Amino acid sequence: MNINILIVDDEKSIRETLKIILNNLNYNVFTAKDGFEAIHIIKNNIIDIMVTDLRMPGMDGIELMQKALEIDPSIETIFISAYADIKAAVKVVKMGAFDYVEKSFSTDELIFTIEKAVKLRKLKEENRSLRRRVEGKYNYDGVIAKSEAMQKIIDMVNRVANSKANILLTGESGVGKDVIANYIHKKSNRANNSFIEINCGAIPENLIESELFGHEKGSFTGADHTNKGKFELADKGTIFLDEIGELPLHAQVKFLRVLQEKQIYRIGSERKINVDVRIIAATNKNLSEEVEKGNFREDLYYRLNVVNLYIPPLRDRRDDIPVLAETFLNEFSKEYNKNIKYFDVEAMNYLMDYEWKGNVRELRNVIERAVLVANDDEILHKDYLPKELTGLEQADENNVKREKTLAEYEKMIIENTLKRYDGNKTKTADVLGIKRQTLYNKLKDYNLDS
């Protein structure tokens, strides 16, 4: 676990000396000359421990700690105080600071205090996780987190939600990166503003800049009206760029400029538009490898990768499977007007043992199909799970019936998914785990393309 430490002091020699000492102990160190610079760093990075002078011009250490805790309540603060400020230092510890050291501190004393603060942070994290397990709370606005791995992600989301730090979500296809992105937005102070999602891999290369930045009327053939881009629509809110690894290099250059300048230009216009947008990107690619291959800009990668949240595959967090399966069972039972409430033990065992190469998306689709084909009993039996999951053949009577109606089941699933996402074919294909062209072909086959 990498620990990020922020040193705040108006004396450059103190900042630089502490940075060298702590870097040699494998801590990541940020420095700030005053409270205002410190707040900027905290808003744009994850800080675990803040070591700050008590007396500073402009904003003193107490005000800095209060503002820092509003952004990230889990930051532990260590104050550096002169002998004359000992009473004030004791006071701030009562206000929530971790500890204080006198200005004449030895290196060993400060290191010991920092190590104690790190241990306290870990203990608090373990207690939060234990408390959630005792309370049996696993559903966080649609994010299912029973496993320890997902609990840690929930903890990190709670820390970063109100910061301005760019977030890169990584992990295999189907693990739920879009769900995590939405949860970050809901937990942030931007929750009342727009959450705009764009799939960079689903937009033709010649239209990607228009989608992101907008265009003026007449700026290119077919531009018969002015159109706002996704960044403009997401102003004061959050933009989620899924499959960021598919963004063409020419668009990466302009995207980098938006990150740096917080401004966009619509295609066909020289008027700059200021945007205040929280950026969350996601990819199932290894972007560092894409950088080495020349497919992704290194400077853009580092800009996006301020906070990296890796979402593990479902096979590595099997504790989540029963809760996810029950959640989907309840959802689809209501959607298809069924009375199914439980899995039988054998059915759940098959779900737990399966490898789930398609991750949460595949589990969701399996449960939807099982609910659709099942009788209206309270218990969903293993017989309704697909053969590729159980390895079981159906009884002859059931088999004949199933083959005759399989196309009907598929049509119903496509219809319901389209309805669920307001006719959005890109999202529908993504949720079903099929290519867009495959979806278009099926829509045509089932006369659903009108």
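The values are calculated or read from the model by the stated rules, or taken from the named source; none is laboratory data. Because the structure is a prediction, the values reported are computed rather than measured. Reconstructed Cβ throughout: ideal geometry from the backbone, glycine too, with neighbour counts over all protein chains shown.
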- Note on the structure: All conditions in (1) at pLDDT 90 or above; (2) under 23 Å from residue 244 (Cβ atoms); (3) more than 13 Å from the chain's Cα centre (by Cα) are true of residue 113 except (2)
- Query: If you go through the range 105-120, how many residues are small (Gly, Ala, Ser) and surrounded by 14 or more Cβ atoms within 10 Å (Cβ to Cβ)?
  - Reply: 1
- Given the structure, is residue 264 surrounded by fewer than 19 Cβ atoms within 10 Å (Cβ to Cβ), under 30 Å from residue 192 (Cβ atoms) and out of contact with any Ser or Thr (no Cβ under 9 Å at 6 or more places or on another chain)? no
- Tell me the strands (runs of 3 or more DSSP E) entirely within the range 184-276 that contain at least 1 residues that are under 26 Å from residue 142 (Cα atoms) and of a type outside the set (A, V, I, L, M). 195-199, 238-242
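For (1) in contact with an Asp or Glu (Cβ under 6 Å, 6 or more places away or on another chain); (2) of a type outside the set (A, V, I, L, M); (3) modelled with pLDDT under 95, each residue gets a yes or a no:
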position: 283; (1), (2), (3): no, yes, no
position: 305; (1), (2), (3): no, yes, yes
position: 311; (1), (2), (3): no, no, no
position: 322; (1), (2), (3): no, yes, yes
position: 332; (1), (2), (3): yes, yes, yes
position: 338; (1), (2), (3): yes, yes, yes
position: 344; (1), (2), (3): no, yes, yes
position: 360; (1), (2), (3): no, no, no
position: 375; (1), (2), (3): no, yes, yes
- Message: Quick check on the range 75-92. Is at least one of its residues under 20 Å from residue 161 (Cβ atoms) and out of contact with any Phe, Trp or Tyr (no Cβ under 8 Å at 6 or more places or on another chain)?
- Response: yes
- Item | residue 375 being without any contact (Cβ under 8 Å) to a residue 12 or more places away in the chain, out of contact with any Gly (no Cβ under 7 Å at 6 or more places or on another chain) and assigned to a helix (DSSP H, G or I) | no
- Message: Exactly one condition in (1) surrounded by 17 or more Cβ atoms within 10 Å (Cβ to Cβ); (2) more than 22 Å from residue 371 (Cα to Cα) is false for residue 292; which is it?
- Response: (1)
- Query: Which numbered condition trips up residue 163, out of (1) polar (S, T, N, Q); (2) within 21 Å of residue 75 (Cβ to Cβ); (3) not in a loop (DSSP other than H, G, I, E, B)?
  - Reply: (3)
- Query: Does residue 340 satisfy the criteria of being touching a strand residue (DSSP E or B) at 6+ places or on another chain (Cβ under 9 Å), outside any helix (DSSP H, G or I), among the aliphatic types (A, V, I, L, M) and not assigned by TED's automatic domain parsing to the domain that holds residue 256?
  - Reply: yes
